[in-house]
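The block underneath contains the structure these notes are about, expressed in structure tokens.
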Amino acid sequence: MDIIDLTCELVRFKTMHSKPDEIRRCAAYIEQYLKRLGVSCNRFGYGNSPAVLALPQSKKTPVLLMSHMDVVDAPERFFSPVIQDGKLYGRGCFDDKYAVALSLILFKNHLQRLRKQGRGQQDLPFGILMTGDEEIGGFNGAKKILREIEADFCIVLDGGGIEKIVVKEKGVVSVTLFTCIKPDSGDARRFERNALEILKRDIDKWAVYFVKSAPEHRHRKIICRSIQPLTYHQGIPDTAQAQLEIWYTRTDDVERMFSSMQGDLHSKITIDHVEPIFDGESPEHLKWLLDISKKTRIGFEDGANDSQFLSRFGIKGVVWGADGDRSQHTLDEHVSIESIYELYGLLDNFIKRCESKARMCQDGEKEKNETDILECKRHSSRCSKGFF
């Protein structure tokens, strides 16, 4: 089974968060795929969000490839993959199941090559992590699992493109806005007695603040994840709540922004989560990637994915991937088949270079130890002959 066949198999799992059993079935499929290869792997289930991890050593890897199996909602027909004009169509084919398949095939092929040399999984220079909750924030997947492992460098296969390696993305603040009005305030205007309308006006006010305070930074965003009335008085909402994501950049003073907005808004602001800006490039690893892929350049993106957790745990990394014309989450989601194979070849060469570097370091350390032993023996011999 090659990468495209495996991607099609994965697309057939309807791994939407409205169907959690499908996500668990997909995770079990991935786990069994690895176990059939004799791979030692771990399956997690924090917060009922499955993830599968395979490393060369327990909780440690030089390089980590990270992808995700969950997808956004789509009609049933989108889970029947279609190949047309050199592209693979289907929900999740681009975001992000081709990356899961690519990771599994890379792991399999490198492990089989090592076994022919009398070596094994412990000698691999990379590990793979496939999570099941990236589309809803990654808080029970990447965030919790990355805390438990050591990695020198991570490639998040969920963005960028063959010609663009992403080294910076925005930070994300999750916020709750809560609005409460007094129904007996005597205000004659119905609008001012409607908590839901006041809440919407506060969100609009915050969006205007973002644009006016730094119009040159188009990557800053406010996303309203949910908004709803909580209680009513005489048929009119008197309390309402909204869940927002604030995507900020390095130039933003987050503390000052929230202090300023709290003074301007009727609603109460509660900060739920703060994820730092992803800024994870590793000069050595990045240089290798750019040496291997001559047409690839460094770039920036305004998306948010599991790369947001790398900085929190001190892991250097980049975001990279195949080409899909930014079709993720659309009804036209697709991925270029040629770019998948091209990405596989580039990563294959990168991993071989990592392995070669690791072996050179091991040989150097071994030579140093042997030299130290010989020097120690010479010293002992001279001592025994009375030279000291």
Exercise for the section: Check whether at least one residue in region 299-314 is assigned by TED's automatic domain parsing to the domain that holds Phe139, of a type outside the set (Phe, Trp, Tyr), closer than 17 Å to Glu134 by Cβ and free of Cβ contacts under 8 Å to residues at least 60 places away in the same chain, and report yes or no. Expected result: yes
Problem - Odd one out for Leu64, checked against (1) in a helix (DSSP H, G or I); (2) touching a Leu at 6+ places or on another chain (Cβ under 9 Å) - result: (1)
Practice task
Go through Lys108, Lys143, Lys97 for me and flag whichever is out of contact with any His (no Cβ under 7 Å at 6 or more places or on another chain), in a helix (DSSP H, G or I) and at pLDDT below 95.
Solution key: Lys143
Practice task
State yes or no: is Ile23 in a helix (DSSP H, G or I), buried (at least 18 other Cβ atoms within 10 Å of the Cβ) and touching a His at 6+ places or on another chain (Cβ under 8 Å)?
Solution key: yes
Exercise for the section: Check region 320-340 and report whether any residue there is surrounded by 16 or more Cβ atoms within 10 Å (Cβ to Cβ) and farther than 16 Å from Gly161 by Cβ. Expected result: no
Fill in the blank from the handout: In region 8-20, anything crowded, with 20+ Cβ neighbours inside 10 Å and touching a Pro at 6+ places or on another chain (Cβ under 8 Å) is listed as Cys8, Val11
Practice task
Would you mention how many residues in region 148-168 are within 27 Å of Asn42 (Cβ to Cβ) and out of contact with any Pro (no Cβ under 8 Å at 6 or more places or on another chain)?
Solution key: 9
Fill in the blank from the handout: Pairs returned, first residue in region 281-298 that is assigned by TED's automatic domain parsing to the domain that holds Phe313, second residue that is at pLDDT 90 or above and hydroxyl-bearing (Ser, Thr, Tyr), beta-carbon separation under 8 angstrom, 6 or more apart or interchain, are Leu289/Thr296; Leu290/Thr296
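The values are calculated or read from the model by the stated rules, or taken from the named source; none is laboratory data. Computed from a predicted model, the values in this text were never measured in an experiment. Cβ coordinates were reconstructed from backbone atoms using ideal geometry, including for glycine residues, and neighbour counts include every protein chain displayed.
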